[in-house]
Amino acid sequence: MSVTSTAPSGSPGNPRWDRAFFGHPVGLSTLFFTEMWERFSYYGMRALLILFMTATAAKGGLGFPASKAGAVYGLYTSLVYLLGLPGGWVADRITGQRKAVLYGGIIIAAGHLLMAFPSLETFYAGLVLIVLGTGLLKPNISTMVGELYSATDKRRDSGFSIFYMGINLGAFVSPLVCGYLGENINWHYGFGAAGIGMTLGLIQYVAGAKYLGTAGTKSNGTPRDVALFQRTAAGLAAIVAIVAALMFSGILDANRLSDLFGIFLVATVAIFFGWLLTNKHFTSEERGRLGAIFVFFFAAALFWSVFEQAGSTLNLFAERNTNLHAWDFPLWGLFRASYFQSFNSVFLIIFAPVFALVWMKLGKREPTSTSKFSIGLIFVGLGFAILIPVSSGVLVSPWWLTLTYLLHTIGELCLSPVGLSAMTKLAPVRVAGLMMGVWFMATSVGNFIGGRIASVYESFPLPTLFAVVAGFAMLIGMLMFFLSGRMKRMMGGVN
Ligand code: GLN
């Protein structure tokens, strides 16, 4: 996963095409629409996931209690992002990014289409395929965006912003489409629509490949890497088969599996950072920066653990504690819980340019990365804090959740793009690609915790639950504020 490259391998040769997509290389349009459709499928399905699992069998659902549904949700969304680490490695060493994205897309589409069949086996098999496919697609398509620009091209950051818009365009439309079909007609139509979306994305990707130049076609592995991959894949397949057998025979349940995975995740993070921070190959300056990356990682994991409850806790809050009928409207009929899943993306599309402008206008007074992280954590906490007084059980106005999503989006805009760019700026060049994986690892940890929190939705008083979530995020946010000076020294000039 190289983050920077010296030559713009994404240029298809004709200079006219170098500015054909909003002033950016035409290849960006191919990647933009592919990722738009991939996120369409991801967020469309995710909008339905916990609602489908907790719906009774009479309503076509799986009839899981929230404890089990939260565990499965957390495992799934966490693995989707964790697999980005090996997914990046496979592209680097074996397939190249170009093919990794293609194979990933095919596997994702197959996963969603499997879920269009109403059985427990196809449900779980579908989830496994989406995890594998997204691991291959998500990190590598981001790397290819970087390859469209030369190392000195000033358009790189704005290229990533345009790309982030594509993500949110897909994430905005799909909960409305899949949510409408899934909640009104049949859950499996909603899942099928996600699969069709990914298929359209694939057709577009293959048709638009000619615009990508040589981007993503290189891989630098040896036959030893291929052998390692084959052994690891066989081992993984065996583990999946054993886990599936244990689960279907009732020996292992989703909650225990989730416990085991939690231990695995903590161990992975501890071993990874233990190795990174004690590695003798880094200079003391580099080690300071890696320490800063660790602080950012910790803060980002906490941020995403609150933010990513959109699809879990907050989705349940929309369904069970919000007066959705307040927003029934002849044009769209009944207002559904899943529609709330679009709100974050709508706000993001509106406010991303505003924030870009504000940072620019502030010039020298623009807050440091650490301060922005701090603001991000405080806002995401605030989003939950405002729900405390209205979470005692009576149905509340949908405006409350709307405000929550607005606050969460403001938090996201302070933290997400800043974090990504801080990772690339702070990482020693030879582990730059790995640091992209670290960023997704933070999302993975966050999603896992977010799912676990949803699993106590029925067993914990909501005001207490929300207060703990809000309090913790805001406390760490304020702590970060005081760390700002120290972080500045650790970051050695980057900020
Ligand atoms: N919404 C963004 C995406 O889907 C970021 C998600 C995240 O990193 N938690 O890519």
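Brief remarks on what is shown
Residue-wise test of (1) of a type in the set (Gly, Ala, Ser); (2) surrounded by fewer than 22 Cβ atoms within 10 Å (Cβ to Cβ).
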site	(1), (2)
411	yes, no
414	no, no
417	no, yes
420	no, yes
424	no, yes
431	no, yes
435	no, no
443	no, no
448	no, no
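- Extreme residue, farthest from the ligand (Cβ to nearest atom), among residues of segment 311-366 that are open to solvent by less than 60 Å² (accessible area, probe 1.4 Å) and among the charged types (D, E, K, R): 328
- Out of 176, 169, 200, sole residue that is within 16 Å of the ligand (Cβ to nearest atom), open to solvent by 60 Å² or more (accessible area, probe 1.4 Å) and in contact (Cβ under 8 Å) with a residue 40 or more places away in the chain: 169
- Residue within segment 472-494 that is outside any helix (DSSP H, G or I) and touching a Lys or Arg at 6+ places or on another chain (Cβ under 9 Å) present: yes
- Qualifying position, being under 16 Å from residue 300 (Cβ atoms), at pLDDT 95 or above and away from the ligand (no atom under 16 Å from the Cβ), among 386, 378: 378
- In segment 207-225, the count of residues that are outside any loop (DSSP other than H, G, I, E, B), open to solvent by 50 Å² or more (accessible area, probe 1.4 Å) and charged (D, E, K, R) is one or more.
- Selection status of residue 64, surrounded by 22 or more Cβ atoms within 10 Å (Cβ to Cβ) and among the aromatic types (Phe, Trp, Tyr): no
- Residue within segment 13-36 that is touching a Ser or Thr at 6+ places or on another chain (Cβ under 7 Å), within 16 Å of the ligand (Cβ to nearest atom) and at pLDDT 80 or above present: no
- Within the set 151, 193, 209, the sole residue that is away from the ligand (no atom under 16 Å from the Cβ) and touching a Cys at 6+ places or on another chain (Cβ under 6 Å) turns out to be 193.
- Residue that is farthest from residue 305 (Cα to Cα) [pool: residues in segment 25-48 that are within 22 Å of the chain's Cα centre (by Cα) and surrounded by fewer than 24 Cβ atoms within 10 Å (Cβ to Cβ)]: 29
- Selection within segment 388-410 - more than 16 Å from residue 336 (Cα to Cα) and part of a loop (DSSP other than H, G, I, E, B): 391, 392, 393, 394
- Answer from 79, 137 - the residue that is surrounded by fewer than 24 Cβ atoms within 10 Å (Cβ to Cβ), more than 20 Å from residue 182 (Cβ to Cβ) and within 16 Å of the ligand (Cβ to nearest atom): 79
- Just so you know, in segment 254-269 the residues that are out of contact with any Leu (no Cβ under 9 Å at 6 or more places or on another chain) and open to solvent by 60 Å² or more (accessible area, probe 1.4 Å) include one that is farthest from residue 448 (Cα to Cα), and it is 256.
The values are calculated or read from the model by the stated rules, or taken from the named source; none is laboratory data. Since this is a predicted model, take the numbers as computed values, not measurements. Ideal geometry is used to build each Cβ from the backbone, glycine not excepted, and the neighbour counts take in all protein chains shown. Protein only, heavy atoms only, side chains kept; ligands, DNA and RNA dropped before computing areas. Shrake-Rupley method; radii C 1.70, N 1.55, O 1.52, S 1.80 Å.
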